[in-house]
Amino acid sequence: MSAAFTPAPVKATIDKALLEKLDVRVGTIVSVTEVANSDKLVALGVDLGDRVRTILAGLKKERANPAELVGKQALFVVNLEARKMAGLMSEGMLFDIGYEDGILPALAVPERPVPNGSRAS
């Protein structure tokens, strides 16, 4: 880690009820597919226990080989409204640590394997 990193200021305080509206779950990335006509997006097939969802993420420029993520568990927001991006529907959002701070992103992952669909709180 770089000693020169300065964390961003903490955002404004929110009520716990607002946080409880987010549905964050553990899922296993089962596939990574290039998204045509996009220089940053890949389509992740994510097993969330009850089904596999397609979640688009801007990983092409962050990782030399995004396919290396297949088999890894990560955290996903699963109750966002589906959104069309580059002609495909994304059914959630990947938690990626560091992008907003301009550092090489890393996945937010559980410390040990847990069942797909497990909730974060």
Revision key, fill the gap. Expressed as a percent, the portion of alpha-carbon pairs in the chain spaced more than 20 Å apart is 48
Point to revise | lysines with Cα under 26 Å of Lys84, excluding same-chain neighbours fewer than 8 positions away | key: Lys21, Lys40, Lys60, Lys61, Lys72
Practice item. Using 0.36 nm per residue of separation minus the Cα-Cα distance, give me the extension gain between Ala120 and Arg83 in nm, one decimal. Key: 11.1 nm
Practice item. Place a +1 charge on the Cβ of each Lys and Arg in the chain and a -1 charge on the Cβ of each Asp and Glu, then give the dipole magnitude about the Cα centre in debye, rounded to the nearest 20. Key: 100
Practice item. Could you grab the relative contact order for the range 28-121? Cα pairs under 8 Å, six or more apart, rounded to a whole percent. Key: 26
Point to revise | Largest-first principal axis extents of the Cα set of the range 49-108 (Å) | key: 30, 24, 19
Point to revise | Computed lengthening from Asp50 to Val109, 0.36 nm per intervening residue step minus Cα-Cα distance | key: 19.3 nm
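No lab work stands behind these numbers, since they all come straight from the coordinates. Just so it is clear, the structure is predicted and the values come from calculations on it, not from any experiment. FYI the Cβ positions are ideal-geometry reconstructions off the backbone, even for glycines, and counts take in every protein chain you see.
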